[in-house]
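Asks: If you scroll down you'll find the structure; I have some questions about it.
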C-alpha cells in the first residue's frame, strides 16, 4: 500500500515541517470550501469542481506540561486542494471540527476516470465528510499559533 504522502502533490511542504507525514489526529478543520469549477466547452475550458480544505494540525510530544496535558508543537495551518471532486458527503460542520483521522486511498473503477482517490475525514467532534477526486495537492503550509490562527509575528 502506498504512503498517503505519495498520493498528494506538494506533500513535501508538510513533511519538511514534521519530518514525516502527520497523522492529523485531533487536527481541526477550519474551512471546507467547494467551487463548482468552470466548464465552457465552447472556450475549451474544462475546470471541474475543486474542494479546498484548511486544517490546523500539530505534533503531540511525549512531554507533559504542569497542567498534565501533552505539549503540542509545530502548529501548522495546511491548505489542501482536491481537483475534479464528486460525490461529496458532509455533515456535522460546526464551531470546532476536530477529526480523528484523515485518510486518502487510491482506488480503481470499471467506468470513468481511474485511478481516483477516496478522501475521508473521520470525526472526533464536528465535521464528518468524504468525497472522491482525481488529484490532491498541499497548496499552502503556514506556521500558526496554538489557536490555528496566523499572526504577523508567526510569519516573520
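Asks: What number, in percent, do you get for the relative contact order of segment 82-156 if the mean sequence gap of Cα pairs under 8 Å and at least 6 apart is divided by its residue count?
Replies: 33 percent
Asks: First measure r as the distance between the Cβ atoms of residue 110 and residue 150, then evaluate 1/(1 + (r/R0)^6) with R0 = 25 Å and state the FRET efficiency to the nearest 0.05.
Replies: The computed FRET efficiency comes out at 0.05.
Asks: Based on DSSP H runs of at least 4 residues, each adding -39500 (n - 2.57), what is the mean residue ellipticity at 222 nm of the chain after dividing by all its residues, to the nearest 500 deg cm²/dmol?
Replies: Value at 222 nm, helices only: -1500 deg cm²/dmol.
Read-outs throughout are calculated quantities, based only on the coordinates presented, and are distinct from any laboratory measurement. No experiment lies behind these values; they were computed from the predicted model shown. Positions of Cβ are backbone-derived with ideal geometry, glycine not excepted, and every protein chain shown enters the neighbour counts.
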